[in-house]
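**Student:** Below is a structure I'd like to ask you about.
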Amino acid sequence: MKLVVVGGVAGGASVAARARRLDEAAEIIVFERGGYVSFANCGLPYHIGGVITDRSRLLLQTPESLNESLGIDVRVSTEVTAIDPKKKTVTVREVGTGKEYTESYDKLALCQGADPLHLPLPGIDLPGIHVLRNITDMDEIKQHLDAALASAQGTNKPVRTVVIGAGYIGLEMAENLRHRGAEVTVVELSDQIMPPLDKEVSIPVEQHIRGRGVELILSTAAAAFQKRPDGSLRVELNNGKTLDADLVIMSAGVRPNTGLAVEAGLAMGERGGIVVDTHMKTSDPNIWAAGDAVETDHTVLPGKWITPLAGPANREARVAAENICGRDTEYLSTQGTSIVKVFEMTAGGTGATERQLERAGVPYRTVHVHPSGHAGYYPGTAMMHIKLLFSPEDGKVLGAQIAGFDGVDKRLDVFATAIRLGAKVHDLETLELAYAPPFGSAKDPVNMAGFVATNVFRGDLNLWYAKDFPETVEGARIIDVRTPEEYDIWHIPGAESVPLGTMRAVVESWDKSVPIRLYCAVGFRSYLAYRLLVQRGFEDVKTLSGGSHTFRFWHDLEPVGEAVKAPEIAYAEAVDLIKSAQGTGAIVELDCTGLACPGPIMKLAKKMDEVQPGDDVVVHVSDPGFAADGPAWASTKGHELLAMTPEGPGYVATFRKGGGAPAGGVARQSLDQVSFVVFSGDMDKVLAAFIIANGALAMGQKVSMFFTFWGLNALRRQDPPKRDRKVLDKMFGMMMPSGPEKLPLSTMNMAGMGPAMIKKVMEDHSVQTLPELMQSAREDGARLIGCTMTMDLLGIAESDLLEGIELGGVATFLGEAQKSGTTLFI
């Protein structure tokens, strides 16, 4: 048998290798139009980004190695230009010389894959606009990027890059360009990133990408490209805006390479791919095909699908080779399991998406769950977002999608295996999965998704969905079973606050015929409320799938902060930089995760007081603002920032303790005190004063705070001892808030709702409360002074104030101000 294979890489190389293992006597020839027959195309972005430093590790096989080990005749830089099925010959052209010849075959395998979409836009062929499909593309992009970075070095001029397309490859390129220190803007035609996933699963990844300094422009397309006078590019968008770029990566998708098959008269499918049977045989009895250009059955969806993924290509190629060699092996279906790493986050899916099921008319049900990647008490985990789709008829698993930080890949693989084996949601309940605190939970996220889905399938739980709002709540009472504080921060419009703990008492008076739509944060408390209500005879009750987390993702309500830029230390070089800068002192680890500003700075300052000059403190923080606060603090205190790199939602930074003098040898200002006049009694203004005060204390400065007029309310006790007071004093006392917990907001007070909202936001972000900040400032030596003149005017006695408050007048304040380098009026 003489086997000719058109195309190398995943499909072609696999056909040839498997055929040789089955038929030692066969003559096998592989034609590859590129210069490399077998390479790791999925690793190309990571060599550009410096993550994979050794280029040769991407070259899996060479013509020489395949010939030596398997006796395969590999001819690279050789393109097959035509097929004659009747004569069973191919026409071949050598790319370098242009020489043409024909080659006969007994069996032919087409494994040409797919080509990047070449958008017909003005200026698309300008230098500096690249696609990434093979080793040559990778080399050209890396060379261009290296030159741009070298040219910009020492000029404070950023290297600007634009990625067209927010699919998996586009996002991998965006990450790796950021790793190299380039500015990155991603332009995507869809209204979401990662079109292979449903929108609510993509939103948390979108927020993470923005937080890593990547600009995302969605629902927008590139319209044209121009060359600027300085040699750079200008990208024109269809919304009228323009972007300047030193490098553009086109990642707008791929199309199957089917030109040869069409010209040879092979049957083509509805989606534009080559038609094959389960043996991977085309409409010609002597031609097989595998890889990105073929249409195969989908594991879940009806019809034929094109799935340009390396895993299916390899398995299809193996099946093709076995049938070419006389075996009867079938390739039954493709389910499209895929995953992507984007900075510290991971996302992926398997089976069908909700959009695909709707378009195909396949009935389905959906559940959303938000468990942690591993046991919450063990460090290093975070909430993941799981969407599970299943059949309402028999509970069969139809699809799953996940976004999170840890353990996403293994849960996705479990779901993929379940779909392949035809498992049902109740099977997910019974899976026995590996558990130890660093790896999972006793109730694994897969089990949790199975529990919820099985409850829905059996009728123990009835759901409503964020995508159906507001239609699904018309005529119903929307009940928020979270705490009042959570409700005050944000709630679904029209919702009533009925905390779960109070529900048993209040529902007795409710009309059981009125529809009830429940929700909580992630769905668990509302499930408990659901069971409580239905067992009391309520007729129409539903709870929100995934709770307010999924609701806010679906409606894109989550706040997205400003892009955070780390100091100018290259991501890929950070570890080497720490090692090369490592001194002779001790290395101390400090965990500040979960703390918000000014918590990390305060904790770091205390740790620095404990260590010796020359010691290194490696601090882990989850507060994005630390990227700016940390370097500023180190410069002020005379410490050295060795490196700062992203870690989870925050950063890991290494500081070396200095001798006490500020960096650069500048002498510390002699006026090392900060004085405040706290005139306002508004919670937000007093809170700002104590945040600044604690920051100053952490930097070694003294603090004096003089409280006058309405600012004195922050120092009042909530339960002062009883005393005789004049009528006017009693009236003042009734009108003014007593203590820091009762202070109103300067704006958006909303009859007390505003302060409750702020307090809940502070709690969620681990920001100290105002009383805690006040206590911390006092413990670190801040002087809190009450104005005696104002106390007399407002009828406030010393016994009305917190214990330990100093009393003084104008002279006391002026004396403190004279010792201060900074005086602030709040």
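No lab work stands behind these numbers, since they all come straight from the coordinates. Computed from a predicted model, the values in this text were never measured in an experiment. Here the Cβ positions follow ideal geometry from the backbone for every residue, glycine too, while neighbour counts run over all protein chains shown.
**Student:** For the chain, what is the mean residue ellipticity at 222 nm derived from helices alone (per DSSP H run of n ≥ 4: -39500 (n - 2.57); sum divided by total residues; nearest 500 deg cm²/dmol)? Don't skip to the answer; put the middle values down first.
**Tutor:** Details: 25 runs with 257 residues, N = 826.
Here the helix-only value at 222 nm equals -9000 deg cm²/dmol.
**Student:** What residues have an amide H closer than 5 Å to that of Leu642, excluding those fewer than 5 places away on the same chain, when H is modeled at 1.01 Å from N in the peptide plane?
**Tutor:** When sequence neighbours closer than 5 places are left aside, the close amide H contacts are Thr654, Phe655, Arg656.
**Student:** Moving on. Quick one: which of 393-401, 789-797 comes out on top by average Cβ neighbours within 10 Å, and what's the full order, highest first? Working shown, then result.
**Tutor:** On the way: 393-401: 21.6, 789-797: 15.8.
Order by mean packing, descending: 393-401, 789-797.
**Student:** Using alpha-carbon positions, what is the distance between the centroids of region 364-440 and region 301-359, in Å?
**Tutor:** Value for the Cα centre distance between the two parts: 20 Å.
**Student:** About the Cα centre of region 464-554, what is the dipole size in debye to 20, counting +1 per Lys and Arg Cβ and -1 per Asp and Glu Cβ, all else neutral? Mind dumping the intermediate values first?
**Tutor:** Details: 11 positive and 12 negative charges, 67 e Å.
Around 320 debye, computed over region 464-554.
**Student:** Which whole-number percent gives the relative contact order of the chain, counting Cα pairs below 8 Å spaced six or more residues apart? Write out the running numbers ahead of the final one.
**Tutor:** Values: 1734 pairs, mean separation 66.8, N = 826.
Normalised by residue count, the contact order of the chain is 8 percent.
**Student:** Just to be sure I understand the model, the point goes 7 Å from the Cα along the line to the Cβ. What's the resulting Glu474 to Glu508 distance in nm?
**Tutor:** The answer from the label model is 3.6 nm.
**Student:** Related question: Please go through region 164-256 and write out the trypsin sites (Lys or Arg not before Pro) that DSSP classes as loop and that have at most 15 other C-beta atoms within 10 Å. Show your work: numbers first, answer last.
**Tutor:** Values: sites: Arg178, Arg180, Lys199, Arg210, Arg212, Lys227, Arg234, Lys241; in loops: Arg180, Arg212, Lys241.
Taking region 164-256 and a limit of 15 other Cβ atoms within 10 Å, the loop trypsin sites (Lys or Arg not before Pro) found are Lys241.
**Student:** Still on this model: If R₀ is 30 angstrom, what is the calculated FRET efficiency for the pair Glu772 and Gln818, using the beta carbon separation as r and rounding to 0.05?
**Tutor:** On the way: r = 31 Å, r/R0 = 1.03.
Step by step, r from the Cβ atoms, then E = 0.45.
**Student:** Within a 10 angstrom radius of the beta carbon, how do Thr346, Thr769 rank from fewest other beta carbons to most?
**Tutor:** Values: Thr346 21, Thr769 14.
The most exposed by this proxy come first: Thr769, Thr346.
**Student:** Additional query: Mind listing the phi-derived Karplus ³J(HN,Hα) values for region 318-327, rounded to whole Hz, using 6.51, -1.76 and 1.60 with θ = phi - 60°, and x for any glycine or proline?
**Tutor:** In residue order, the calculated couplings are 4, 5, 4, 4, 5, 6, 4, 8, x, 7 Hz.
**Student:** A follow-up question, please. With P(r) over Cα pairs in 20 Å bins from 0, in percent defined as stated, name the option among (i) 14, 41, 36, 9, 0; (ii) 15, 49, 33, 3; (iii) 13, 36, 34, 14, 4, 0 computed from the structure displayed.
**Tutor:** (iii)
**Student:** Which ordering of Lys87, Lys387, Lys742 is given by a fewest-first count of other beta-carbon atoms within 10 Å? Write down the numbers at each step before the final one.
**Tutor:** Values: Lys87 10, Lys387 24, Lys742 16.
The most exposed by this proxy come first: Lys87, Lys742, Lys387.
**Student:** Another question about this same structure. Starting at the first residue of region 21-38, write each ³J(HN,Hα) from the Karplus equation 6.51 cos²θ - 1.76 cosθ + 1.60 with θ = phi - 60°, in whole Hz, x for Gly and Pro.
**Tutor:** 5, 8, 9, 5, 8, 5, 8, 10, 10, 10, 9, 10, 6, x, x, 9, 8, 8
**Student:** State to the nearest 20 debye the size of the charge dipole of the chain about its Cα centre, where the only charges are +1 on K and R beta carbons and -1 on D and E beta carbons. Mind showing how you got there, number by number?
**Tutor:** Values: 81 positive and 103 negative charges, 138 e Å.
Dipole of the chain, to the nearest 20 debye: 660 debye.
**Student:** Okay, next question. Once you place label points 7 Å from the Cα toward the Cβ at Gln153 and Lys606, how far apart are they in nm?
**Tutor:** Going from the Gln153 label point to the Lys606 one covers 4.3 nm.
**Student:** Sorted by mean Cβ packing within 10 Å, highest first, what order do the peptides 165-177, 710-722 take? Mind showing how you got there, number by number?
**Tutor:** Working: 165-177: 25.4, 710-722: 17.6.
Taking the mean over residues of other Cβ atoms within 10 Å, the ranking is 165-177, 710-722.
**Student:** Which of the peptides 311-322, 187-198 is most tightly packed, and how do the rest follow, going by the mean number of other Cβ atoms within 10 Å of each residue? Spell out each step's value before the answer.
**Tutor:** Values: 311-322: 23.2, 187-198: 21.1.
Descending mean neighbour count gives 311-322, 187-198.
**Student:** Would you mind checking the tilt of helix 626-637 against the longest principal axis of the Cα atoms of the chain, expressed as 0 to 90 degrees and rounded to 10?
**Tutor:** 50 degrees
**Student:** Also, I was wondering about something else. Within a Cβ distance under 15 Å of Val362, other residues only, what is the Lys/Arg minus Asp/Glu net charge? Could the numbers behind the result be given before it?
**Tutor:** Values: positive: Arg355, Arg359, Arg365, Lys396; negative: Asp198, Asp297, Glu354, Glu358, Glu393, Asp394.
Summing Lys and Arg as +1 and Asp and Glu as -1 gives -2.
**Student:** How much length would be gained if the chain were fully extended between Lys241 and Tyr101, taking 0.36 nm per residue of separation minus their Cα-Cα distance, in nm to one decimal?
**Tutor:** Working: separation 140, 0.36 × 140 = 50.40 nm, distance 5.06 nm.
Full extension of this stretch gives 45.3 nm more.
**Student:** Determine ³J(HN,Hα), in whole Hz, for all residues of region 448-454 in sequence, where each value follows from phi through the Karplus function 6.51 cos²θ - 1.76 cosθ + 1.60 and θ = phi - 60°; x replaces Gly and Pro.
**Tutor:** 4, 4, x, 4, 5, 4, 5
**Student:** Do any of Lys685/Lys759; Lys199/Lys467; Lys227/Lys341; Lys603/Lys637 go past 21 Å between their Cα atoms, and which?
**Tutor:** Numbers: Lys685/Lys759 14 Å; Lys199/Lys467 10 Å; Lys227/Lys341 33 Å; Lys603/Lys637 14 Å.
The pairs that break the limit, which is 21 Å between Cα atoms, are Lys227/Lys341.
**Student:** Enumerate the amide H contacts of Thr823 below 5 Å, restricted to partners 5 or more residues apart or on another chain; note that Pro and chain-start residues carry no placed amide H.
**Tutor:** Ser675
**Student:** Please give the Cα centre distance for region 1-72 versus region 773-812, rounded to the nearest Å.
**Tutor:** 79 Å
**Student:** Return the long-range amide H neighbours of Arg255 (sequence gap of 5 or more, or a different chain), with a cut-off of under 5 Å between placed amide H atoms.
**Tutor:** Asp115, Leu117
**Student:** Moving to a separate point now. When a footprinting reagent is the concern and you count Cβ atoms within 10 Å, what order do Cys787, Cys111 take, fewest first? Display every interim value, and only then the final one.
**Tutor:** On the way: Cys787 25, Cys111 30.
By the 10 Å Cβ count, ascending, the order reads Cys787, Cys111.
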